[in-house]
Amino acid sequence: MEADNTVEDSHINGTSELVGVGNIRRWQDGQGDVPVNGVFLAQDPWTQMGTGFLWLDGGSAAQLEELALLLGVASRPQPGPFQAAPALALPGREFARLLSDEEMWRQAVVGPELAVHLRLARLARILVQRADVLPFAALCDWGWRQVLRMPARLAQEDGVFVRHDEGPAGWYAGMLIPAWRVGAGSALYRAYLGQAADLPRLAGNEHALGAWLWVCTDWLGRRSLVDSPRVNEVSARQPFQIRYRGEEELLANWRRSLTDTSLQGPLPGFVADHWLMMRMLALELRDSGWGDALFDTTGEADWQVGFELIPPIQDESGTWTLRALLVHRWFAWRAPLAEWWQQPERGRWRIGHAVLREPDRWFLPELARAAEVCPAVARLLVQPAPAQTAVDAGEVMELVNQHVPRLLEAGFAVFTPRWEHVDLRDVRIRVWVQRVNRRRPAGRRSAAMDSWFDVDRLIEFDWSVAVGDEELSSEQFEALVREQQPYVQSGGTWKRVPVEAILERIQDFTKGVRAGTSVWDLARSVLQADDTDVPVEVSFSAEAAPAQQFLRSLAEAKAPPPRPLPNGFRGELRDYQKHGVFWLLQLRDLGIGGCLADDMGLGKTIQVLSFLLSLKEQGQARGPHLLICPTSLLSNWRAEMQRFTPDLKLYIHHGAARHGLDEAGRTTLSRAVATVDVVLTTFATLVRDAEELAQVAWDTVVADEAQNIKNVDTKQAAAVRKLKARQRIALTGTPVENRLVELWAIMDFVNPGYLGGESWFRRHFSGPVTAHPQGPQARRLKRLLTPVLLRRRKTDPSIQAELPEKWEVRDTAGLKSEQAALYQSIVDDLWQRLPHSRSDMSRRGRILAALTRLKQVCDHPCLVAGGRGDVDRSGKLSLLLDLVAEVVEQGEAGLIFTQFREMGEIICDVLAERFGWRPGYLHGGLRPGERGELVARFQAGSPAPPILVLSLKAGGVGLNLTRANHVFHFDRWWNPAVEDQATDRAFRIGQTRDVQVHKLVCSGTLEERIDELIAAKRHLSAAVVGESEGWITELADADLQALFRLDVESALEEDG
Amino acid sequence: MVNRSSPPEKEPQPAGAAVRFDETCWQPVWAVADKAVLRRAKALAVDGVLDWRYEPGMVAARVRGYGPIPEYEVRFPLVDNWQPHAERVADWFSRHPDWLAGLMAGNLPFVFLQRLHSAGMALWPDDAYVARFRAGASCTCRGSSSCAHVLAAALAWVRELAEEPVELLASVGLDVGRTLDEVHRLTYERLSGSGAVDAGIQDSAQAVARPWQPWPEEERVQVSGDESGCRRTEDSVMLSRNLSLYLRTPWGPV
Ligand SMILES: [Zn+2]
């Protein structure tokens, strides 16, 4: 409906400065609430804008005149547009000014038509306020319907439509129009249009409302336009773009046409090139919200299908309901789908302030889409009048966890009850330990015998789960799990209980052990708790106090209290070594075992010896201790014991002699067991004598190089596990924590059951930790190991502070019988032929020759007697191999010095055979270029072998071998200065890691004695002994004999 | 009516299975066409089909020509006429809303297709239709009845159906709006028969004069997406770079 062209606007002149002076509501109060109504009628061509009419529904002409006065408009009552009543007629812009004065209209009783206009005026004001407007222009002679469609067409086609009929240019007028960039703004607009379509006087006249919004937007926008002081500055920053001829002029004209703010029309025109104008318009419309969706009346643009999950009514079957509904995307309007089917009419659906026309056209297919991703929706959709469906309690979890995310992803709205998603920190598992049972069912391997507290004792306990303020008994919680109903209602809200996490924790100490929960199980569960776990609060009754004390001590095992050290210990323990001894003693008190896994060289041996001595001095040992080690370390253990703890009585259960019986028919072992403190044996002997050794009630069983029992299926592992012991200790220098299955085997030896069964461990830890080395399971395992695994690394800053920059370790090997025989024959030969005069040159020569041969025999008998350089023939070589293996396993590198060229070759052969790579060998026979290359390759790191063999003399030539942090002196130059030089020259300044120097010594031989001699007067040695080994020749015969003598008992390392 | 419709030739499907409608449903028609002609038709279908409309039992389309003939007039028969079954179809849909919803989404439940089959109704071509198509299709190019123009028109039309699957109903002679109306009416009646309908749910309270006040939704538009909240600057904003138009913003409170 267009405005009546007869309406005159001449009398409007001069009213522009009049301001509305009244509040309409107040005026209406005195007029019996007579409603004010009005419309805007668009007028073609669009530059005329249109006319607004105001009238009173049911009021008199006099009242209308009064209203005109109140509003400050000069219009007189005249025939209105709907023959309903006389009306005031106002030019478009003045009508816009009037209706956008919200103070004036507040609470005024208005007719529905005017209400729509007021809302549109308000929307225009919001759009301008948010700068959601853009400049527009159209041909002056076009009608409104044509013009209103134009922005959407231009924006969508992203192109230009050119008028062909009358030349390249035409008259245009400019206007500021909505840009619709704010989505909720266009939603509001559609809601208004939907309402208007329901009003008979506005229905079919939507273009007038569109025009009205434009007029309002334009007028309010123009009044807000300013000249920015920064125009030049900003335009200077404009990106370069091609300017067309006439473009500047067009823009200037267009701009000028947008700044006129007079209240009367028509809009002023300007001449513009069609093509250029369309191009500029397209630029302005880019990124605007103009499009076909703007004119959607079905609701599809603003509404979406949603689903609401409604909890069961308390005390009923526990069935939930999934209800379909339509939800407005921007506003809080929604309606259940049930209402749609309950209304007889299909044409429109009113929800909130909105009217949706034939919405089933889009929501039915949407429901079908939802049904594809959610079975519950599919179920809903097969029922006539689809609106809702029942969801079993058991299905809720799946719905929430799997289907709801898919629905959300597919663009549906989903409403779930106000679930306080319970934070794990708000959940507690409360365990109440009532009693510790005296006896435990038989059948399970016991780790401890008669210790003060049996960790395998079963506990009686009760547990409950606290979720926020709600407390669930174990029965209630189990019902929750059984019914897959992870929700509890608390204070009007539903809480989703993290059942899985709770269950996992509870199963830690309720499952796995069918016979019942032991203190051990409980301890394990409490210990491994992570910050991310559900906390377990354990409380104890008075009867369960021992269990409480056990748990507390276990938690503190890592920081054991200091105790007196054994008096009989001949040596000095470093602080970390003392700590290790205290730790072992603490575990002893707790009745559990431990794994001491310090890096090699940190002194695991003396910590254990100190510990055993301490037990002896305090009368704690209930029997002999059994020490099991690899054959190559037997001599070392014996030597260390003699040196540091001579008070410990030792029996070595090894070699043929062990089979003897005494006159009473007792075995050597049974006799020894009654008298000695420590029985030392090898893994190989253990396997052979497994039955016999298993008869003994050992106090402590120590397994050195515990990687020997890492494979549970081996005989030695089985034999070790068969041993009865009060406490078990494992020693290892390899990084066990990275090899989880080995770790399990070792820990299961020291504390059977602590890490669960093997398959449980694999599932629970091996898999997850391997996949996520920094993950929660890795942290859990670490915490679990904290009390029972002590591992210090040389690189730990606190340890480094205690270590010298370069420190020496003496590693003692035994002689094989072949070696011992050769050794003895050389010594015998020397005594037979040795001239007695000290000054005799031949005497010196013989001594030095014998010295060399004896050294060679200690190294490897083939150096003297020929034959193959097998490992088995040399105790020292086997020891070297074991030591190198440790270095290699820790990812470190080492240098091996020998003074015998041939020995170097043998070492290379043996390493190649054992590890699959052959180390470089740096000796005097190499050309300088070859040496340099060898050194460079070694320094380059992996994949070059981590070991380099050097001849002692070749080693001193300004080499840079900083990759290595271990130096092995395979044989000794009985002059510390020479050895030191070799070591020091090899290690240049800049070596950051601590260097560990291993001096390999054969026990019971001159190697051991000279080593002690030198150690005793080390500070003298450099001055006294000079550069050579000549000082030895100066010794008196008796001294010499003592020095060279073979102590068969300590030297011989028999193959058990 | 001759039984000539059959569900797609697939194995019996589990419950919930559906067939997506797209141009492959018309494979029987494409399959018998000459390969070269079909290739040309596919190219032409992209933008050569100017418009189409329904005529009784037919689709009529205009297809772009070349040379002296600017366009061709094409006709081909509809797959089926459901007009006689309109009531039954509305009844089906009111009892099985998933059938209707599926059809409108272009994803037709298999059970629905089976029901159509047993009722002798079709939504897309079978062999009998192919024969009718060949016999009944026509083109002003005076070529054969399966010239590229006919095929192009059919292709373009089928593609539009796939875009707007609810129009499948129109493609078998039903009025979409009237069908939906009827489904709704039947559903409503069944509900009200069961007493499930609230009385007096209708309103037209709109037409009453009432005190005017802002909607809360309008406030929402005012602030939506405005992270800076009340900390607004008095700086002007650039409205149009080309025109160097600046808007003083904001005004005071609305
Ligand atoms: Zn043709």
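Under 27 Å Cα-Cα from A:Lys855, which lysines qualify once same-chain neighbours fewer than 8 residues away are excluded? Within reach: A:Lys806, A:Lys816, A:Lys876, A:Lys953, A:Lys999, A:Lys1017.
Highest mean packing first, where packing is the average number of other Cβ atoms within 10 Å per residue, the peptides A:888-900, A:596-608, A:653-665 line up as A:596-608, A:888-900, A:653-665. In percent, rounded to a whole number, the relative contact order of chain A is 7, using alpha-carbon pairs under 8 Å and six or more apart.
In loop segments of the stretch A:790-856 as defined by DSSP, the GluC sites (Glu not before Pro) with at most 12 further C-beta atoms inside 10 Å of their C-beta are A:Glu805. Put simply, the Cα atoms of the stretch B:18-92 extend 51, 26, 19 Å along their principal axes, the longest span coming first.
When you restrict to C-alpha pairs under 8 Å that are six or more residues apart and normalise by the size of the stretch A:575-801, the relative contact order lands at 26 percent. For the stretch A:885-970, the Kirkwood radius over C-alpha pairs fed into Stokes-Einstein at 20 °C and 1.002 mPa s yields D = 168 µm² per second. Heavy-atom accessible surface of B:Met104, to the nearest 10 Å², is about 10 Å², with a 1.4 Å probe and all protein chains retained. For A:Glu1012, the accessible area of its heavy atoms, probed at 1.4 Å with every protein chain present, is near 90 square angstrom.
Simple spin-label estimate for A:Thr668 and A:Trp807 gives 3.6 nm between the two label positions (7 Å along the Cα-to-Cβ direction from each Cα). Working note: Debye formula, equal point scatterers on the alpha-carbon atoms of the stretch B:22-190, no solvent; log10 I(q)/I(0) at q = 0.11, 0.16 Å⁻¹ is -0.47, -0.91. Of the residues A:Thr770, A:Met747, A:Val110, the one whose Cα sits farthest towards the positive end of the charge dipole of chain A is A:Met747 (charges of +1 on Lys and Arg Cβ, -1 on Asp and Glu Cβ, taken about the Cα centre).
The antiparallel fraction among DSSP beta bridges confined to the protein assembly as shown stands at about 60%. Shown are B:Cys141, A:Cys374, whose ranking by accessible area with a 1.4 Å probe and every protein chain present, most to least, is B:Cys141, A:Cys374.
For chain A, A:Cys140, A:Cys216, A:Cys374, A:Cys595, A:Cys629, A:Cys862, A:Cys908 have no disulfide-compatible partner, since no other Cys C-beta lies under 4.7 Å from theirs. Over the stretch A:303-417, the reciprocal of the mean inverse Cα-Cα separation, the Kirkwood hydrodynamic radius, stands at 14.5 Å. In the context of the full protein assembly, A:Glu1007 retains an accessible surface of approximately 0 Å², using a probe radius of 1.4 Å and ignoring ligands and nucleic acids.
Close amide H partners of A:Thr298, meaning residues 5 or more places away or on another chain with modelled amide H under 5 Å apart, are A:Arg357. Calculated on the Cα set of the stretch A:575-801, radius of gyration then Dmax: 17.8, 63 Å. Counting Cβ atoms of other protein chains within 10 Å of each residue's Cβ and taking the mean over peptide A:371-384 gives 4.
With a 10 Å radius around each residue's Cβ, average the other Cβ atoms per peptide and rank B:162-172, A:131-141, A:375-385, A:772-782, highest first.
Descending mean neighbour count gives A:131-141, A:375-385, B:162-172, A:772-782.
For A:Val497, the residues 5 or more places off, or on other chains, whose built amide H falls under 5 Å of its own are A:Tyr487, A:Val488. Each label point was placed 7 Å from the Cα along the Cα-to-Cβ direction; for A:Arg563 and B:Trp215 their separation is 8.1 nm. What translational diffusion coefficient, to the nearest whole µm²/s, does the stretch A:905-953 have by Stokes-Einstein, given a Kirkwood radius computed over alpha-carbon pairs, a temperature of 10 °C and 1.306 mPa s viscosity? It comes out at roughly 143 µm²/s. The order of the peptides B:125-137, A:855-867 by mean Cβ neighbours within 10 Å, most packed first, is A:855-867, B:125-137. From its DSSP helices (H runs of at least four residues, each -39,500 (n - 2.57)), the protein assembly as shown gives a residue-normalised ellipticity at 222 nm of -12000 deg cm²/dmol. Under 18 Å of direct C-alpha separation, and excluding same-chain neighbours fewer than eight residues apart, A:Lys578 reaches these lysines: A:Lys558, A:Lys604, A:Lys616, A:Lys794. Under a model in which nothing but the beta-carbon of Lys, Arg (+1) and Asp, Glu (-1) is charged, the stretch A:575-801 shows a dipole of about 560 debye around its Cα centre. Using the Cβ-Cβ distance between B:Cys141 and B:Met58 with R0 set to 25 Å, the FRET efficiency works out to roughly 0.90.
Remark: mean inter-chain Cβ contacts per residue of B:90-103 equal 5, using a 10 Å Cβ-Cβ cutoff to other protein chain atoms.
Take the Cβ atoms of A:Arg739 and A:Ala545, set R0 to 45 Å, and the FRET efficiency comes out at 0.70.
Taking 37 °C and 0.692 mPa s as the conditions, I'd like the Stokes-Einstein D for chain A in µm²/s, using the Kirkwood hydrodynamic radius from alpha carbon pairs.
The Stokes-Einstein estimate is 85 µm²/s.
Taking one quarter of the surface of the convex hull spanned by the alpha-carbon atoms of the stretch A:776-907 gives a direction-averaged projected area of 13.2 nm².
Beta bridges assigned by DSSP with both partners in the stretch A:575-801 are antiparallel in approximately 5 percent of cases. Placing unit charges on the Cβ atoms only, positive for Lys and Arg and negative for Asp and Glu, gives the stretch A:848-909 a dipole magnitude near 440 debye about its Cα centre. Note on chain A: with charges restricted to the Cβ of Lys and Arg (+1) and Asp and Glu (-1), its dipole about the Cα centre is near 2680 debye. Legend: mean number of C-beta atoms from other chains within 10 angstrom of residue C-beta atoms, peptide B:175-187, equals 3.
The values are calculated or read from the model by the stated rules, or taken from the named source; none is laboratory data. Because the structure is predicted, anything quoted here is derived from the model rather than measured. Methodologically, a virtual Cβ is constructed for each residue, glycine included, from the backbone with ideal geometry; neighbour enumeration extends over all protein chains shown. When the accessible area is computed, the model is the full protein with side chains, heavy atoms only, and any ligands, DNA or RNA have been set aside. Shrake-Rupley method; radii C 1.70, N 1.55, O 1.52, S 1.80 Å.
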